[in-house]
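Data block below; observations after.
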Amino acid sequence: MRGYDFVRLAFIGTAVLLATFMLIRVLPALRFILLIVLVVLLVMILLYIWRNYTQERESERTYAASISGQIQERITNCQEQIKRLQEEAQQINNSLKELEQQVRKGGNLSSPMQAKTESVLNGFRQELNLRKTKINFYKQCIEKLEKIKHQHELLAAVEQKKEELDNLRQQHYDEIADMEQLRWEVEKEDTYLETIQDLSTRMQRSTASDEVLNLQKELEKMLAQ
């Protein structure tokens with residue numbers, strides 16, 4: 001649950017509690033009903049918190065199982081390694097500076113002491129360079145992983161938009177089919193109207209029984225279609 005939502009929910013819950021207690025004091029006869037209402041509200045708030053919590057956990061698990069989530073996990077791991085190496089590099093650099101400062105204060109050193117001191121200094125420099133190399137390596141990994149993550153997110157967005165486009169096209173085809181069906185029905189209705197008008201005109205002019213019966217049969221045949 002987001003912090004803002006939690007604060008807002010806590011504020012609402014506190015307000016409900018205060019209002020309920022005030023009503024209990026003002027209307028003691030309704031104490032039992034108000035207590036039931038209070039319990040129901042508290043249960044609803046707890047259910048709301050639990051639902052949001054489970055939804056967020058489910059979203060986190062789904063994202064962690066996705067390709068983007070796995071890539072982000074590797075990026076986070078690289079960032080943690082960089083942070084650790086930078087702290088070690090800073091510590092090594094401090095030790096190196098302290099030792100160099102002591103050497104400068106010591107003045108002339110004997111050959112064995114100077115050789116040993118230089119060996120330790122070189123060791124610190126090697127360790128410092130090693131960590132700088134590792135830091136650059138992890139930075140390059142992060143850069144590559146970020147590009148891969150972006151490509152996967154772009155692919156997912158393209159697939160989503162393609163599905164949206166396919167739905168729009170399918171809707172367009174369905175609308176065309178509906179329009180064709182409507183046009184056919186309108187043309188059919190026009191034909192019916194013209195036929196009925198023709199039969200009506202012929203019926204008005206008919207005087208023979210056989211002709212009237214034939215017109216009736218034509219009308220029934222048309223209506224049966």
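Below, the figures for the structure above:
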| read-out | value |
| --- | --- |
| Heavy-atom accessible area per residue - the stretch 118-188, 1.4 Å, Å² | 83 |
| Tail weight of P(r) past 18 Å, computed on alpha-carbon pairs of the stretch 57-171, percent | 69 |
| Tail fraction, Cα-Cα pairs, the stretch 75-127, threshold 17 Å, whole percent | 47 |
| Sequence of Phe137, Phe124 when ordered by accessible area, the most exposed leading, probe 1.4 angstrom | Phe137, Phe124 |
| FRET efficiency estimate (nearest 0.05) - Cβ-Cβ, Ser200 to Ser59, R0 45 angstrom | 0.05 |
| Dimensions in Å of the stretch 38-122 - Rg and Dmax from alpha carbons | 28.0, 86 |
| Most to least accessible of Ser111, Ser68 (protein chains only, probe 1.4 Å) | Ser111, Ser68 |
| Exposure rank, largest accessible area first [Val39, Val103; 1.4 Å] | Val39, Val103 |
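The values are calculated or read from the model by the stated rules, or taken from the named source; none is laboratory data. Not measured: the values here are computed from a predicted model. Quick reminder, even Gly has a Cβ in these numbers, built from the backbone with ideal geometry, and neighbours come from all protein chains shown. Heads up: the accessible areas ignore ligands, DNA and RNA and are worked out on the full protein's heavy atoms, side chains in. Shrake-Rupley method; radii C 1.70, N 1.55, O 1.52, S 1.80 Å.
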